[in-house]
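Just so it is clear, none of the values below were taken in a lab; they were calculated from the coordinates. None of the values given here were measured: they were computed from a predicted structure. Please note: Cβ atoms are built from the backbone with ideal geometry, for glycine as well, and neighbour counts cover all protein chains shown.
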Amino acid sequence: MEQLVPLLVALPLGAAFLIVMIAHAGPLKRLTTPLAVLAVLVNLLIAGRLLWAGALHVYVGGWGQGQTLGIELVCDGLSKLMLIVINFVALASIIFATQYMRRFTKVWLFDALFLLMTGAMSAVVLAGDMFNLFVFLEVAAIASYALVAFGCESEELEAAFKYLILGTVGSAFILLGVTILYSLTGHLNMAKISEALRTIGPDSPGVLLGGAAIIAGLALKAAMVPFHAWLPDAHPSAPAPISAMLSGVLIKASGVYALARVVFGVLGVSPYYANILIAMGLLSMVLGMFLAIGQWDFKRLLAYSSISQVGYVVLALGVAAEAMSRAAPDRTVAALCLFGGLFHLFNHATFKSLLFLASGSIEQQAHTRLLKEMGGLSRRMPVTSFCCRIGALSISGVPPFNGFFSKLIIIIALVLSGHNVLAAVGIGVAVGTLLMYIKVQRYVLEGEPSDAVAAAREAPAGMCIALVLLTIVCICAGLALVPLRDLLFTPAGEALLGALP
Amino acid sequence: MGITIYLLTFAVLLVGLYIVVAKKNIIKIIVGVLIIDYAVNLLLVLVGYRSDGVAPILSPGQTAADLAETGVDPLPQAMVLTSIVIGLGITALMVSMAIRLHQKYGTFDMNRIRKLRG
């Protein structure tokens with residue numbers, strides 16, 4: 001079982017290099033896309049198998065448990081949840097891409113970069129030491145910069161350059177924070193840093209400086225509101241499967257997951273960090289929603305809505321940290337907050353990638369991304385429209401779909417922890433989200449077809465399979481709430497809370 | 001030397017940050033990002049430094065404990081090496097994107113490269 005953990009990283013990375021090689025080997029060229037699909041599928045199966053394995057600590061490269069150095073891979077409840085999310089969304093996206101990417105040249109390059117990004121994200125969620133976390137954040141980020149610019153049109157290059165500059169500055173701040181923590185504690189391993197910080201005291205100025213640098217860098221990767229400027233340009237400019245990966249999992253794996261891991265597992269909860277998370281989550285929720293309602297470009301609306309929905313997750317994490325940092329830590333409320341937040345993270349990954357993929361298939365058939373030029377697509381593209389509608393209902397929190405349950409749990413947890421104002425804002429943003437997606441339904445699917453979309457036809461089968469796959473999860477995750485909680489979310493929350501004293 | 005060298009490193013970081021925020025020329029922005037990168041690498045080396053320390057190479061007859069007494073910390077040096085390699089990859093990507101942007105827009109001025117709206 002332990003041997004499977006490094007394979008989760010090695011398999012996609014190895015397959016990426018293999019694809020680059022066979023792309024230059026004549027007749028083997030056709031195998032690149034099937035190989036990419038196979039690699040992601042095997043990775044998903046391994047991640048699923050590890051669910052029943054308990055928490056694993058694997059030391060790579062001959063280092064042992066007793067040594068202060070070494071590369072540790074930690075596969076606990078939270079890592080397992082993230083591995084399932086990453087590889088499942090990656091599978092849906094790469095299946096969608098088999099048909100969608102046909103209009104591009106050099107698809108092998110896309111496949112290789114896609115696998116690099118997937119493998120690096122799997123490594124980010126498995127990393128047990130801070131420097132490894134930084135390195136794999138960078139690998140995932142470099143692949144994503146190149147993928148945003150994949151079309152090489154002027155808008156795409158402009159968005160990718162903006163993303164590249166801001167992302168690199170963010171990474172430099174993460175490394176700065178890691179350096180400061182190393183100089184204070186002499187460790188890179190997360191558990192050991194956390195132990196050493198308890199003796200130094202979490203309020204000493206050096207620790208706060210290091211913590212602030214890391215949190216600022218990670219918030220930039222998660223596109224929380226003061227740092228969100230790159231996201232609405234970068235996510236819509238990428239090809240649709242990549243938009244789904246970026247909005248669905250990249251901002252979560254390299255932003256939200258890393259924030260949660262660093263705050264709970266390394267720095268230790270303190271009112272400073274809790275308040276920063278709450279403030280960023282709140283601002284993102286509200287501003288993201290207002291900016292999204294005003295958009296007329298379908299993919300841009302979805303990108304702003306990502307900022308708003310990720311705000312919910314960060315808010316829930318912040319309130320959990322706040323509940324644990326009180327004089328009398330309230331573990332039950334913190335666990336409920338984390339359950340809601342992580343469930344919303346899972347749900348947002350499914351329905352936002354579903355909506356981005358649906359927008360891609362609509363864009364391909366209708367040749368437009370502007371809402372006002374679409375219309376009447378529910379008759380022209382029945383499968384895509386049905387899936388798009390389920391995704392929109394889920395994200396706007398209509399029962400019995402999954403988005404309703406996660407928002408409900410977050411709001412109940414906010415009330416229980418005594419934050420009635422935050423709960424009211426949460427309800428308000430949920431109503432705003434509903435309005436935003438009623439607008440999408442009204443302009444895209446209903447009404448009379450305009451001349452521009454009269455020729456639109458149903459998307460090819462491969463794209464529909466990917467959409468249906470995500471739709472099934474959207475419907476089932478809401479109904480299978482209790483088994484999913486026991487299998488995925490309770491161990492994930494325990495992994496975060498268990499790291500605290 | 002004391003704290004001065006750390007303050008100077010911090011000043012280098014601020015110079016880079018100022019360039020990224022204030023300048024509008026793509027090439028200058030790239031230089032700014034590189035300066036930030038160098039400042040962080042410099043800090044990383046400084047963290048492992050000790051005055052009068054020797055290079056952390058184990059000579060014959062010397063035990064690891066002896067070396068730990070006199071040598072500088074080798075771990076930050078390994079990290080700096082990794083960080084420099086990542087910086088190289090990022091620089092190559094930034095420069096190639098700048099070339100492509102120049103082909104499309106015919107300028108390096110960020111004020112004239114704005115097809116995307118707010």
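Build a GNM of chain B with springs between Cα atoms under 10 Å apart, and of B:Leu81, B:Leu46, B:Leu58 the one that fluctuates most is B:Leu58. Against chain A, whose longest principal axis comes from its Cα atoms, helix A:77-100 is set at around 20 degrees. Only alpha carbons enter this Debye calculation for the stretch B:4-112, each as an equal point scatterer, and the log10 of I(q)/I(0) it gives at q = 0.11, 0.19, 0.20 Å⁻¹ is -0.51, -0.98, -1.03.
If R0 is taken as 22 Å, the Cβ-Cβ distance between A:Val20 and B:Ala92 corresponds to a FRET efficiency of 0.85.
Give me the compactness ratio for the stretch A:100-253, meaning the Cα radius of gyration over 2.2 N^0.38 Å.
In units of the globular-protein estimate, the stretch A:100-253 measures up at 1.15.
Computed from Cα atoms, the angle from the helix A:190-200 axis to the main principal axis of chain A rounds to 40 degrees. Computed over the stretch A:223-278, the percent of Cα pairs more than 12 Å apart is 70.
Taking Lys and Arg as +1 and Asp and Glu as -1, the other residues whose beta-carbon sits under 13 Å from that of B:Met94 total +2. Annotation for A:Lys29 and A:Trp52: the two label points, set 7 Å from Cα along the Cα-Cβ direction, are 4.5 nm apart.
Compactness of the stretch A:288-501 was expressed as the Cα radius of gyration divided by 2.2 N^0.38 Å, which yields 1.10.
Only Cα pairs under 8 Å and 6+ residues apart enter the sum, and on that basis the relative contact order of chain B stands at 26 percent. In summary, the aspartates and glutamates within cross-link reach of A:Lys299, defined as a Cα separation below 20 angstrom excluding same-chain residues under 8 places away, comprise A:Glu153, A:Glu155, A:Glu156, A:Glu158, A:Asp233, A:Glu363, A:Glu373, A:Glu446, A:Glu458.
Counts of other chain beta carbons within 10 angstrom of each beta carbon in peptide A:158-167 average 5. Starting from the Kirkwood radius over alpha-carbon pairs of the protein assembly as shown, derive D by Stokes-Einstein at 25 °C in a medium of 0.890 mPa s and give it in µm² s⁻¹. For the chosen part, D equals 99 µm²/s. If R0 equals 45 Å, the separation of the Cβ atoms of A:Ile465 and B:Val85 corresponds to a calculated FRET efficiency of about 0.70.
At 222 nm, what value in deg cm²/dmol follows for chain B if DSSP H runs of at least 4 each add -39500 (n - 2.57) and the sum is divided by all its residues, to the nearest 500? About -23500 deg cm²/dmol.
Considering only the other residues whose Cβ falls under 15 Å of the Cβ of A:His348, what net charge follows from Lys and Arg at +1 and Asp and Glu at -1? All intermediate terms of the calculation are to be shown ahead of the outcome.
Details: positive: A:Lys252, A:Lys352, A:Lys407; negative: none.
Here the count lands on +3.
Take the Cα of B:Gln62, step 7 Å toward its Cβ, do the same at A:Leu209, and the gap between the two points is 3.1 nm. Summarising the amide proton neighbourhood of A:Asp76: residues at separation of 5 or more, or on other chains, whose placed amide H is nearer than 5 Å comprise A:Leu56. Once backbone amide H atoms are built at 1.01 Å from N, A:Asp129 has A:Glu72, A:Met190 as its partners under 5 Å, excluding neighbours fewer than 5 places away on the same chain.
Along the stretch A:108-118 the Karplus relation, 6.51 cos²θ - 1.76 cosθ + 1.60 evaluated at θ = phi - 60°, assigns HN-Hα couplings of 4, 5, 4, 4, 5, 5, 4, 5, 4, 5, 4 Hz to successive residues, with x for each Gly and Pro.
Note on the stretch A:164-196 and the stretch A:11-50: Cα centroid distance 33 Å, given to the nearest whole angstrom. Computed from the C-beta positions of B:Asn111 and A:Leu7, the FRET efficiency with R₀ = 51 Å rounds to 0.55.
Per-residue packing, averaged as other Cβ atoms within 10 Å, sorts the ranges B:104-115, A:317-328 into the order A:317-328, B:104-115, beginning with the highest.
Along the stretch A:279-294 the Karplus relation, 6.51 cos²θ - 1.76 cosθ + 1.60 evaluated at θ = phi - 60°, assigns HN-Hα couplings of 5, 5, x, 5, 4, 5, 4, 6, 5, x, 5, 5, 5, 5, 4, x Hz to successive residues, with x for each Gly and Pro. Partner lysines whose Cα lies under 21 Å from the Cα of A:Lys106, excluding those fewer than 8 positions away in the same chain, are identified as A:Lys29, B:Lys104. Shielding by partners for peptide A:305-315, expressed as the average number of C-beta atoms from other protein chains within 10 Å of each residue's C-beta, is 0. Global dimensions of the stretch A:130-177 from alpha-carbon coordinates: Rg and Dmax equal 11.8, 36 Å.
Going from the fewest other Cβ atoms within 10 Å to the most, the residues A:Thr98, A:Thr199 appear in the order A:Thr199, A:Thr98. Excluding A:Ser417 itself, calculate the net charge of residues whose Cβ lies under 9 Å from the Cβ of A:Ser417, where each Lys or Arg counts +1 and each Asp or Glu counts -1. Net of charged neighbours comes to -2. Modelled label positions at A:Arg326 and A:Asp451, each set 7 Å beyond Cα in the direction of Cβ, lie 6.4 nm from each other. Whole-percent P(r), the stretch A:255-372, all Cα pairs, 10 Å bins from 0: 14, 38, 26, 15, 6, 1. If one takes the longest principal axis of the Cα atoms in chain A, at what angle in degrees, from 0 to 90 and to the nearest 10, does the Cα axis of helix A:420-440 lie? So the inclination is approximately 20 degrees.
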